[in-house]
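Chemist: I am attaching a structure below and will ask some questions about it afterwards.
The values are calculated or read from the model by the stated rules, or taken from the named source; none is laboratory data. As the structure is a computational prediction, the values presented were derived from the model and not from experiment. In this analysis, Cβ positions are derived from the backbone assuming ideal geometry, glycine residues included, and neighbour counts consider all displayed protein chains.
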Amino acid sequence: MFTWKAAGLMLAATVMLPLPAAAGAAQGQATLDITRAVIVAPTSGSRPVEYKAAVMLREEVEKRTGLSWLITSRGRVPAGRPAIYVGSLGSLPSLGASLRGFKPVTGADGKPAADGYVLVTPKSARAGAKIMAIGNDRRGALFAAGRLLRAMTMTKGKVAVPAGMSIASAPKYRYRGHQLGHRAGANDTMDAWTIAEYEQYVRDLIVFGANSVEIIPWLSRDEDDMGAVMTVNPYDMGLQMCKMLDSYDMDVWMWLPLATGSVKSADDRAKSLEVRRQLFAKCKRIDHVFVPGGDPGDTPPPILMPYLKDLARVLRSEHPKAGLWVSTQGFESENLNYFYEYLQQNQPDWLAGVVYGPWAKDTLEHTRQAVPKRYPIRQYPDETHSVRSQYPIPNWDEVWAQTFERQPIMPRPTQYAHTCNVLAKYADGAVAYSDGTGDDVNKAIWSAMLWDPKADVRAVLVQYGRYFIGPDFAQEVADGLLALEKNWVGPALTNASVPATLLRWQEMDARASVDVKRNWRFQQFVLRAHVDALVQKRLQRDTGLLDQARDLLRRFVGGQLPEMTPDVAMEAAEEILNRAVAPELREKIEDLAAELKQSIGMQLGAKYGASSADRGAVLDTMDRPVTDGEWWKERFAELRQVIEDEAKVAGIREIIDWEDPGPGGFYDDLGNGANGKQPHLVTEPGWQTDPGYIISPKDEHGGPSKGPMSWRNQAETLHWTPLRMRYEGLDPNATYRLKAVYAGRYSATLQLSVDGQKLGEPIKSPKEGVVVEFQIPQEATADGVLELQWDKTEGRGAQVAEVWLIRQ
């Protein structure tokens, strides 16, 4: 049995420095060479998880250095060689009184906090240096080893670690994890993986502090569930993942939705429970089962809650300590109130907790107030989607939305750190919704911030770069990731970050080793920088061509080109628009996409098996229109069918003056916050305090495929939040007409109110968009101020794409 004998007693006096209860002392600049280190750890038989931590440490070092460190359980280390002690406080019974100076972070009960650890390195290099990576408990040993890996400088044949580290750390939040789904047609990366690749990714999550993985199990071994690139049936993969996760003592969550209407009858409920019981019986480990109320499922709580009571009984018959969780996703106000009252009045002991996920139609703060304190709340944040998501990119330029769609390679380090910290205080942690690996940086950020909300984002990214890419690129990768995030802030046309970021990643790529070039994370970031630059070059080129065509048509309708007929003028404008020359960078992007298919199974286009364009298939979307040029050409074709030249000229004038509201008028391109073109939209409280846009308007993307670009982005409010606009400085003696475009991916019925009074009847917006007009009562503008408000009477929320307030 492992007892940490004499060597451990000696260590207590030399490297176990007195530590504060919070994070330890600042690291010095000196480093220790631990190339010839030996790992001292408990045996796999006595303490398997702590031994697993030692194995993880050894194997991850070997992958990066070629060194194969010895693991010993006897505490005897060859003279002069560094020793790394990996274990837990429970592995140290022989230290006895010497532990008085050893101060791990403690919880409210005064005991060492769960998952916490202490990491200590000597202050100076010397023969036989000893490093302690000691968990507060068995799983804490994994996080101690992970933190040590993040601190190491690893190159071929050499390992160094900072001297004088003395870190005592424990996580702020209990639940810290990510969803990993082996399913076709969703993630376009992981469906190609084997269990060995999942295990590697789970290790990567552990290194940054994750203690949970949520799997998406299949209920039967149906061969029809096999995707085109899968090598393992998803049912079998679910069972393998439960077993693998248990070996790391990771909490195993199951996301187990119901099909809509699937448990209405007694027979259906019985069948549903039995098929789940059979799954539970075959799983090595289950800690939590999460059943969403909707998205998918849409099961009202009067039906759902009795079913879940029975499901909890079935679950605990196979896994007695497992907990059942439910979300409020999709609940409308009546069902939401029913759910809250049910919990408050019944206080069911079969329910473990409540999940707050995408399309929960309440704020997290109020959810915490309404749910009894006995139930923890787990966030289910969407860390993987850019639009039509729980936390969309704020003020994202429509150009990026068109060319990257919903699931791009999307590092958002500062935005997600902010989102996490704004919301975390209302919950007990998070297990994030994820699809694939395009959100890999976001996973590290969520894990790190849930561990320590005060963590420095750039420091986390430096660790990310050092550990995953290599020490030669640690600082540059951190800055390169921050730069990629900045690429998508503000106007795409003029953002100077885009070419500078490309140059940054090109310079790294030019001096990268073959191993770094084959690193899938590095490949992703280099590809993103190149696609950003290609799209911006296309935008700048096509905007210039559109300006030239507009200038020609403006001179024509102004009578400066009398020799032209309307048809000739349109033909000349179209010739300008067709002068497109393919920008550079395309060959590199194609090469990187092929390499990512090889290195990580990433499917960036239909030719690599991508399920749909909005799942990150950037090869298929990066050439989409980025200006109104294509719409102009469509309108030209329509106008050529008009007989009267006068009508053609009027049509041309409408195209080139599309945004002009006339003298004394106002125009808003709603949803175009990136370019500051929605000045009258009431945006409060805004993203900084409301990152989920539950009570704020947001820019939404996706809508009619026909019409101008302005129809493809809208201002949107969700659920019962009204969409509001406010005008000041109006002419009190004038009358005004309002013209608006109702457009968007989701068809809604909207009621317009003016200064609090309903104007007209509700209007349903077709998905192809509709232009509506209203006469504004003169008394509404007599004070020089006008307030507009749209309320949805049916649908997901209010969506309005464009508004003209025209002075008559």
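Chemist: Starting from region 552-580, keep only residues that are in a helix (DSSP H, G or I), then list their pairs with residues that are among the acidic types (D, E) whose Cβ atoms are within a distance under 7 Å, requiring at least 6 positions of separation or different chains.
Modeler: Every condition considered, the pairs that remain are P566/D645.
Chemist: Within region 62-85, which residues are hydrophobic (A, V, I, L, M, F, W, C) and either over 22 Å from F468 (Cα atoms) or not in a loop (DSSP other than H, G, I, E, B) (or both)?
Modeler: Result: L70, I71, V77, A79, A83, I84.
Chemist: Okay, moving on. Given A270, A281, A312, which one is under 25 Å from Y340 (Cα atoms) and assigned to a helix (DSSP H, G or I)?
Modeler: Values: A270 fails: under 25 Å from Y340 (Cα atoms); A281 fails: under 25 Å from Y340 (Cα atoms).
Among A270, A281, A312, only A312 is under 25 Å from Y340 (Cα atoms) and assigned to a helix (DSSP H, G or I).
Chemist: Give region 54-90 a look and list any residue that's modelled with pLDDT of 90 or more, over 20 Å from K156 (Cα atoms) and polar (S, T, N, Q), or say none.
Modeler: T72, S88, listed by residue number.
Chemist: A follow-up question, please. Can you tell which of G558, G480 is surrounded by 18 or more Cβ atoms within 10 Å (Cβ to Cβ) and among the small types (G, A, S)?
Modeler: Step by step, each of G558, G480 is checked, and only G480 is surrounded by 18 or more Cβ atoms within 10 Å (Cβ to Cβ) and among the small types (G, A, S).
Chemist: Regarding D791, is this residue part of a strand (DSSP E or B) and surrounded by fewer than 23 Cβ atoms within 10 Å (Cβ to Cβ)?
Modeler: Yes; evaluated as a whole, the condition is true for this residue.
Chemist: Restrict the check to region 125-134 and report whether at least one residue is more than 30 Å from Y608 (Cα to Cα), free of Cβ contacts under 8 Å to residues at least 40 places away in the same chain and not in a helix (DSSP H, G or I). Working first, answer last.
Modeler: Narrowing region 125-134 to residues more than 30 Å from Y608 (Cα to Cα): 125-134.
From the residues that got through so far, the ones that are free of Cβ contacts under 8 Å to residues at least 40 places away in the same chain too are 126.
Okay, now just the ones that are also not in a helix (DSSP H, G or I), so 126.
Looking for residues that are more than 30 Å from Y608 (Cα to Cα), free of Cβ contacts under 8 Å to residues at least 40 places away in the same chain and not in a helix (DSSP H, G or I), one finds at least one in region 125-134, hence yes.
Chemist: Would you be able to say whether some residue in region 416-426 is aliphatic (A, V, I, L, M) and either assigned to a loop (DSSP other than H, G, I, E, B) or touching a Lys or Arg at 6+ places or on another chain (Cβ under 9 Å) (or both)? Walk me through how you get there before you give the answer.
Modeler: Within region 416-426, the first condition is being aliphatic (A, V, I, L, M), and the residues that meet it are 417, 422-424.
Subset that is either assigned to a loop (DSSP other than H, G, I, E, B) or touching a Lys or Arg at 6+ places or on another chain (Cβ under 9 Å) (or both): 424.
Checked against the condition, which is being aliphatic (A, V, I, L, M) and either assigned to a loop (DSSP other than H, G, I, E, B) or touching a Lys or Arg at 6+ places or on another chain (Cβ under 9 Å) (or both), region 416-426 yields at least one hit.
Chemist: From the list G707, G769, which one is within 28 Å of P358 (Cα to Cα) and within 36 Å of the chain's Cα centre (by Cα)? Talk me through it step by step, then tell me what you get.
Modeler: Details: G707 fails: within 28 Å of P358 (Cα to Cα).
The unique qualifying residue is G769.
Chemist: Going residue by residue through region 139-151, is there one that turns out to be of a type in the set (A, V, I, L, M), more than 17 Å from Y51 (Cα to Cα) and part of a loop (DSSP other than H, G, I, E, B)?
Modeler: No: zero hits.
Chemist: Here is a follow-up. Could you check how many residues of region 216-259 are small (G, A, S) and farther than 20 Å from S611 by Cα? So that I can check it myself, show each step before the final result.
Modeler: Of region 216-259, the ones small (G, A, S) are 220, 227-228, 238, 247, 259.
After this cut, where a residue has to be farther than 20 Å from S611 by Cα as well, the list is 220, 238, 247, 259.
Adding up the residues that qualify gives 4.
Chemist: Can you name every residue in region 324-351 that is hydrophobic (A, V, I, L, M, F, W, C) and either in a helix (DSSP H, G or I) or crowded, with 20+ Cβ neighbours inside 10 Å (or both)?
Modeler: L324, W325, V326, F331, L336, F339, L343, L351
Chemist: Go through region 363-390 and count every residue that is crowded, with 21+ Cβ neighbours inside 10 Å and assigned to a loop (DSSP other than H, G, I, E, B).
Modeler: Total satisfying the criteria: 8.
Chemist: Evaluate region 163-179: report whether one residue or more is in a loop (DSSP other than H, G, I, E, B), out of contact with any helix residue (DSSP H, G or I) (no Cβ under 9 Å at 6 or more places or on another chain) and of a type in the set (G, A, S).
Modeler: yes
Chemist: Residues of region 123-138 being buried (at least 24 other Cβ atoms within 10 Å of the Cβ) and either outside the structural domain of T43 (by TED's automatic domain parsing) or over 27 Å from A79 (Cα atoms) (or both), which ones?
Modeler: N136
Chemist: Restricting region 610-627 to residues that are of a type outside the set (S, T, Y) and surrounded by fewer than 21 Cβ atoms within 10 Å (Cβ to Cβ), which is farthest from K517 (Cα to Cα)?
Modeler: Residue satisfying both the conditions and the ranking: P625.
Residues checked against (1) more than 30 Å from A83 (Cα to Cα); (2) at pLDDT below 95:
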position	(1), (2)
V159	no, no
R174	yes, no
T189	yes, yes
L205	no, no
A210	no, no
W218	yes, yes
M237	yes, no
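Chemist: Count, please, the residues in region 599-624 that happen to be among the charged types (D, E, K, R), over 21 Å from A580 (Cβ atoms) and part of a helix (DSSP H, G or I).
Modeler: 1
Chemist: Next up: Restricting to region 692-750, give me the number of residues that are among the polar types (S, T, N, Q), free of Cβ contacts under 8 Å to residues at least 60 places away in the same chain and touching an Asp or Glu at 6+ places or on another chain (Cβ under 7 Å).
Modeler: 2
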